[in-house]
Every structure is written in structure tokens, then in C-alpha cells.
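Encoded as C-alpha cells, the structure appears first; notes follow it.
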Amino acid sequence: MTPGSLPSSMQFTADGKLKHFLTIEGIPPLLLEEILDRSQQFVSLPDKAQVQAPLLRGKTVMNLFFENSTRTRTTFELAAKRLSADLVNMDIRTSSTTKGESLLDTIRNLEAMGCDMFVVRHSSSGAANFIARYCAPHISVLNAGDGRHAHPTQAILDMLTIRQYKGEFTPLRVAIVGDIKHSRVARSQIHALTTLCTGEVRLIAPKTLIPQGIEKMGVTVYNEIEKGIKDVDVVIMLRLQHERMKTALLPSVREYYARYGLTEERLQLAKADAIVMHPGPVNRGVEIDSRVADGSQSVILQQVTNGIAVRMAIMSMVMGSR
Ligand code: NCD
């Protein structure tokens, strides 16, 4: 498959509404704030029974996950159901794409079943853009993570979590620690944090896990965690994405943990009320000590909970653009 490219402006309708949700890049600050406000409204809804908002009644959402996922797929599913949509989880492993059917043919067939929204996760960067470019005009495409490119709903749920604990972004120092090079999450977080005018965004990783020229995105790079984590308000840990490393970029996992693992001692260098985040899946003893992952400063499970509200907000916004 050749990933189609779609300028980020193509996420919008002619009157500036969100039609697809493919990347954070190019989303104006006011719209980002609006997405966060909408998400917070869904978080604040009193209980599940009342949350069965009929905003997507009669709509069909198809989850197309060509790559593994626990949190993202399940929270998209719950979000669609709580908005009263019909949801189909395509099991790609048992679908005809494994019999050589092209991605476009699969899409055409799913369209013929009357689909309104595709939620796409794929290991190729650009896959969601490709589908958005070639699918029927009434369909909205939500990117649930494409290769190393973007994971925009994850970045929104991370921003929502930061805002819930810390309020304004301008005075904040945020550190993202780990495998930045292979992380679509980091890329989307950086776009979101800079769009929201975060005081300082720091990236902490060994040189081999930092993409060249990343400073142009408005971040500061640190190769030593002890320096980078000093006095930060938020620490975001990332997993080592071994499946995307083409060559050995690290001496060993043990050495990585010794130099970059988030231990209780290292966390003490951050502000006393700093929060610890992780998009999951967490690899305990590789990038983070269990005592920190389960400790009082960890908001990792709050991120997961927020994922449902954020996906409800985005699904209702793109459907509202029609
Ligand atoms: C991430 C992903 O798949 O991009 N996880 C997630 O969606 N919550 C991060 C990862 O795989 O490490």
C-alpha cells in the first residue's frame, strides 16, 4: 500500500468544522481547547446510564485495527456504544485482507454496507490519511495510530489529563521520556503541547532514540534523565518500541533501565506535585519502576478513563460536521 498524503487542512470541511481526525498538526488552538472542553463535558456526565447520549443513533462505526491494541480499540468501542452508534469490530486477522484483497477493496466493501465512520489503526504511517482521501465523501476517518506518524486521540486524552491536574499549560514544564524516535504518541503530544503554549517541552532519551532535527518542533533535548526531569510538572514515560527498531539502538534493556528508568529517586528531582503519565502498554522494570507506576503521583489509569470521553467528543464532533 502506498500511503496517501492528505494536507492536514483536509481534516476540515469548507466552513472549518472537523470532518476527519488524522493529526494534531494544524489544529488551531481554539479548536483544540473546544475538543478538550467537549471531552470534559463527557467526563462530567454523571453515570453510564445517562451517558447513553443518542448523538450517533443510526450511525455505523467500523473499528479497523490492522495492529494490536487494548486501550485504544476498547475505548473507541465504548465511546461509540455510549453515543448509541452501531459498532462493528473488524477482526483483520480473519478478514479477506489476509487473502490478498487490497485495502481499498476492503474499504469499498465496508462502504457498501452503509458505514459512516472508520476508526483506523495501521502499522504504516499515512494509512488513515490514505483511507480518508479515497473513501466515500460522507465518511469520517479517525486515526487511532498510524506507524510512527500520529496518534491524535491519545494526545488529546493526555492533554485532558494534564489540564485536569494542572490547569493552564503556559506555566508548565513537561518532560517526555523514552523512545521518541519510534513514537507516534510523542509526535502528537509535542504538537498538542506546543499548540497549547506549554511553557517548556523537554524530550529525554539516548541520542539513538531522538529523531534528528526534532528541536525544530519547539522542544529541548536532554540525554540525561537527571537533568531533564529537574523541576518538571509532568513526566510522560514511553515504551521502547522494539517492533519498530530496525537495528539494535540500545546496548541492553537492563542498561536502558539503569540510565533512563523512572525510579522513585529520580522522580524526586521533579516538582513535589509532579504527575506521572504513560500511554500504555507499560513495561514495568524497563522504562518505569512498579512503585512509580502504581504510586500516588501516577495518573496512568485516569488517562485510560479519559480515553472514553475524548473519543466520544471527537466522534460527536466529526458527525456534527455533516
Ligand atoms: C501506544 C500506541 O499504540 O501507539 N499505545 C496506545 O495507543 N495507548 C503506545 C505504544 O504502543 O507504546
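The values are calculated or read from the model by the stated rules, or taken from the named source; none is laboratory data. Just so we're clear, the structure is a prediction, and the values are computed from it rather than from any experiment. Positions of Cβ are generated from backbone atoms using ideal geometry, with glycine treated the same way; all protein chains shown enter the neighbour counts. With ligands, DNA and RNA removed, areas are computed over all heavy atoms of the protein, side chains included. Shrake-Rupley method; radii C 1.70, N 1.55, O 1.52, S 1.80 Å.
Inspect segment 164-178 for any residue being more than 16 Å from the ligand (Cβ to nearest atom), closer than 27 Å to Ser69 by Cα and open to solvent by less than 60 Å² (accessible area, probe 1.4 Å) and give the result as yes or no. I'd like the intermediate steps shown before the answer.
Applying the first criterion (more than 16 Å from the ligand (Cβ to nearest atom)) to segment 164-178 yields 164-175.
Imposing the further condition that a residue be closer than 27 Å to Ser69 by Cα reduces the set to 164-165, 174-175.
Pick out the ones that are also open to solvent by less than 60 Å² (accessible area, probe 1.4 Å) and you get 174-175.
Yes, segment 164-178 contains a residue that is more than 16 Å from the ligand (Cβ to nearest atom), closer than 27 Å to Ser69 by Cα and open to solvent by less than 60 Å² (accessible area, probe 1.4 Å).
Consider Tyr260 carefully, then state whether it is in contact with a Leu (Cβ under 6 Å, 6 or more places away or on another chain), in the same structural domain as Arg163 (by TED's automatic domain parsing) and open to solvent by less than 30 Å² (accessible area, probe 1.4 Å). When the stated conditions are applied, Tyr260 does not pass them. Of everything in segment 266-287 that is within 15 Å of the ligand (Cβ to nearest atom) and in a strand (DSSP E or B), the residue that is least open to solvent (accessible area, probe 1.4 Å) is Met277. Of everything in segment 296-322 that's out of contact with any helix residue (DSSP H, G or I) (no Cβ under 7 Å at 6 or more places or on another chain) and of a type in the set (Gly, Ala, Ser), which residue is surrounded by the fewest Cβ atoms within 10 Å (Cβ to Cβ)? Across segment 296-322, the extreme among qualifying residues is Ser296. Among the conditions (1) assigned to a helix (DSSP H, G or I); (2) buried (at least 16 other Cβ atoms within 10 Å of the Cβ); (3) in contact with a Cys (Cβ under 9 Å, 6 or more places away or on another chain), the only one that Arg108 does not satisfy is (2).
Test Arg82 against the criterion of being open to solvent by 70 Å² or more (accessible area, probe 1.4 Å) and either among the aromatic types (Phe, Trp, Tyr) or in contact (Cβ under 8 Å) with a residue 60 or more places away in the chain (or both), and give yes or no. No; evaluated as a whole, the condition is false for this residue. From Thr247, Thr263, grab the single residue that is at pLDDT 95 or above, among the polar types (S, T, N, Q) and more than 18 Å from Leu172 (Cβ to Cβ). Criteria check complete, one pass: Thr263. His138 meets all of the listed conditions (1) at pLDDT 90 or above; (2) within 23 Å of Thr74 (Cα to Cα) but one, namely (2). Within segment 135-156, the set of residues being among the hydroxyl-bearing types (Ser, Thr, Tyr) and outside any strand (DSSP E or B) comprises Thr153 only. Checking the condition away from the ligand (no atom under 12 Å from the Cβ), farther than 24 Å from Ala79 by Cβ and in contact with a Lys or Arg (Cβ under 6 Å, 6 or more places away or on another chain), which residue from Ser321, Ser290 passes? Step by step, each of Ser321, Ser290 is checked, and only Ser290 is away from the ligand (no atom under 12 Å from the Cβ), farther than 24 Å from Ala79 by Cβ and in contact with a Lys or Arg (Cβ under 6 Å, 6 or more places away or on another chain). Quick check: is even one residue across segment 185-206 closer than 24 Å to Leu30 by Cβ, in a loop (DSSP other than H, G, I, E, B), in the same structural domain as Glu243 (by TED's automatic domain parsing) and among the charged types (D, E, K, R)? Scanning segment 185-206, I find no residue that is closer than 24 Å to Leu30 by Cβ, in a loop (DSSP other than H, G, I, E, B), in the same structural domain as Glu243 (by TED's automatic domain parsing) and among the charged types (D, E, K, R), so the answer is no.
Within segment 112-124, not a single residue is away from the ligand (no atom under 12 Å from the Cβ), over 19 Å from the mean Cα position of the chain (by Cα) and not assigned by TED's automatic domain parsing to the domain that holds Leu45.
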